[in-house]
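Read-outs: derived from the displayed coordinates by stated rules, not from any lab. Keep in mind that this is a model prediction, so the values were computed, not measured. Cβ coordinates were reconstructed from backbone atoms using ideal geometry, including for glycine residues, and neighbour counts include every protein chain displayed.
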Amino acid sequence: MSKAGRTTIAAAAVCAFGLALAPRVDAQKIKREPIARIDSVAGAANFKAYCTVCHGVGGKGNGPAAGAMKTPPADLTLIAKRHHGQFPAAEVKAMIRGDATLAAHGTREMPMWGPVFRSADSAEMTELRLANLVNYLESLQEK
């Protein structure tokens, strides 16, 4: 499958797993599709496949679906800055996995990727995928 095809399927998967876009775009019908598993467990590849639709290629929160969301996606390059210069890897992992929510956001629009990844991978591969994604996010931090 081409990169564009995987990105399209990943974008649809984001919508299928919890994004509440319908209230903002009433006239638009969201096409829901199952997630497409990517073979790579590399952080950058997983970010591109599963996160860029909302957070954008550089993680700034400016992905193609960002404008349709009730709460704009977070700028992921500022995580450490918002935590006094320390990257909270365990908190980030819990957020991606779906174990944590941000009270300021009210409802959770971000998909819970832990169950999605577990549906496609073994527990060990899911943990590796999550760890690599967290490490990739840490590498994006603004200095």
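If we sort 82-89, 38-45 on the protection proxy, mean other Cβ atoms within 10 Å, highest first, what's the order?
38-45, 82-89
In whole Hz, what ³J(HN,Hα) sequence does the range 43-51 give by Karplus (6.51, -1.76, 1.60; θ = phi - 60°), x for Gly and Pro?
So the J values, rounded to whole Hz, are x, 4, 5, 5, 4, 4, 6, 10, 10.
Could you tell me which GluC sites (Glu not before Pro) in the range 112-143 are loop residues by DSSP with no more than 12 other beta carbons within 10 angstrom of their beta carbon?
For GluC sites (Glu not before Pro) across the range 112-143 that sit outside H, G, I, E and B with at most 12 neighbouring Cβ atoms in 10 Å, the list reads E142.
How far apart, in nm, are two points set 7 Å out from the Cα along the Cα-to-Cβ line at A100 and at M125?
2.7
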